[in-house]
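Right, one structure below, let's go through it.
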Amino acid sequence: MNETNNNEPDIREVLRSVAGSMVGAVTVACIIAGHRTGLYRAMDGRGALSADEVAASAGTNPRLTREWLDQQASAGLAVYEASSDTYRLPSAVATALADPASPFWMAGGLVGTQALYLDLDQGIEALRGDGAVGWGEHHHYFFEGTEELFRPAYDHLLIQHWMPALSCGVDRLNAGIAVADIGCGNGASTVRMARAFPDSSFTGFDFHAPSVEAARANAAELGLENVSFEVASADGYSGPFDLICFFDCLHDMGDPVGAAAHARSQLAADGHLMLVEPFAKDSREDNHGFMAALRYGMSLFGCVPCSLAQEGAAGLGNQAGEAGMRTIFETSGFSTFTRIAETPNNIVYEAIP
Ligand SMILES: C[S@@+](CC[C@H](N)C(=O)[O-])C[C@H]1O[C@@H](n2cnc3c(N)ncnc32)[C@H](O)[C@@H]1O
């Protein structure tokens with residue numbers, strides 16, 4: 001937001017910014033509706049279609065489909081051609097909203113945003129009270145959205161770029177080692193590693209039983225036999241493991257130092273730890289900006305309340321950055337802590353005992 005010389009925002013800028021947020025919030029609802037009803041899939045690759053053709057293909061109400069299409073055209077997500085009274089889905093939009101296999105897939109992750117609204121009353125109560133909301137207290141869209149938000153990175157980066165960046169490389173994974181995935185959620189990372197390295201064995205641990213059930217179902221669907229899942233907290237599993245991974249979860253924990261120390265105690269003598277965390281800079285003022293507004297909001301309603309609901313209640317938040325993570329791993333006794341990869345969304349670290 002531009003600011004006037006005395007550092008006070010101008011009222012027109014404030015109104016434009018708040019209205020932009022309202023447009024965004026409503027557009028998210030329309031995107032989720034298009035994703036769930038199959039409207040994007042009905043338009044993908046089919047060129048210019050009339051509103052009735054889109055509705056017939058998706059099996060949706062023709063009058064409401066016309067309104068949805070006009071919203072999408074107004075939001076820049078569909079192209080309206082007045083001369084033929086038709087709508088077209090640009091291929092870049094289809095990549096983000098119609099294709100779950102795309103590296104740029106976003107529609108699935110937006111379902112988690114719906115959960116923020118469904119859960120808003122309990123979030124507000126937490127803001128007024130002790131700040132705690134257990135992970136399991138969220139609407140199930142929160143878990144579905146979390147899996148879908150991170151899955152494109154696990155599909156396109158984890159095996160191809162992040163694991164080869166470990167100082168030990170992937171030779172040992174190809175030969176066969178024991179790997180633990182802590183805070184595994186629905187197991188999206190665990191099953192992809194297990195599929196890529198069939199001679200290694202993988203165990204996913206999470207303290208949220210419904211996520212462990214979903215992870216088992218994901219593994220069964222792929223017919224994987226080298227992966228299993230257990231309900232266990234980050235300080236309640238037993239090794240030894242050659243590689244222990246934390247994907248986007250350490251900051252959610254009540255006692256991240258304790259979780260890192262437990263991992264160190266369960267690593268084999270020549271073991272390695274891989275940590276994936278949301279992208280963040282080291283200082284508050286460097287963080288503030290467009291994407292951080294999204295991450296701090298998720299942290300407010302998801303990550304920090306989850307941590308505050310646990311013993312330790314560290315409340316680290318998802319914007320601790322490399323400095324915050326390095327402190328945790330130095331305090332818990334690791335001898336090296338190195339940033340080995342980064343994307344606009346994540347930083348990947350390796351820690352060695
Ligand atoms: C943001 S989700 C990430 C899930 C998964 N790693 C992924 O990348 O899709 C955080 C996960 O950490 C788990 N979690 C939080 N605190 C935990 C703890 N103390 N012990 C075990 N799991 C924990 C939650 O249940 C949740 O599944």
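What follows is calculated from the coordinates using simple rules that are stated; it is not laboratory data. Because the structure is predicted, anything quoted here is derived from the model rather than measured. A quick note on method: Cβ atoms are made from the backbone with ideal geometry, for glycine too, and the neighbour counts reach across all protein chains shown.
Things to note:
- Gain upon complete extension [residue 286, residue 66; 0.36 nm per residue less C-alpha separation]: 74.9 nm
- Hz values of 3J(HN,Hα) by residue in region 23-39 - Karplus curve (6.51, -1.76, 1.60), Gly and Pro given as x: 4, x, 4, 6, 5, 4, 4, 5, 5, 4, 4, x, 5, 5, 7, x, 5
- Listed residues 75, 120, 87: farthest to the positive end of the dipole of region 41-136 (Cβ charges): 87
- A Gaussian network model of the chain, with springs between Cα atoms under 10 Å, assigns the largest mean-square fluctuation among 277, 322, 221 to 221.
- Volume in Å³ per residue [convex hull over Cα atoms, computed for region 11-97]: 98
- Phi-derived couplings, Karplus 6.51 cos²θ - 1.76 cosθ + 1.60 at θ = phi - 60°, listed residue by residue for region 72-78: 5, 5, 5, 7, x, 9, 9 Hz, with x used for Gly and Pro.
- Listed values for region 200-215 are Karplus-derived 3J(HN,Hα) couplings in whole Hz (6.51 cos²θ - 1.76 cosθ + 1.60, θ = phi - 60°), namely 9, 10, 10, 10, x, 10, 8, 7, 9, 4, x, 5, 4, 4, 5, 5, and x replaces Gly and Pro.
- Estimated purely from DSSP H runs of n ≥ 4, each contributing -39500 (n - 2.57), the mean residue ellipticity at 222 nm for the chain is -13500 deg cm²/dmol once divided by its residues.
- Normalised radius of gyration (Cα atoms, divided by 2.2 N^0.38 Å) for region 183-271: 1.04.
- Take the Kirkwood radius over Cα pairs of region 107-352, plug it into Stokes-Einstein at 4 °C and 1.567 mPa s, and you get 72 µm²/s for translational diffusion.
- Given charges at beta-carbon only (K, R positive; D, E negative), |dipole| of the chain in Debye: 560
- Nonlocal amide H pairs with residue 315, under 5 Å, H built at 1.01 Å: 308
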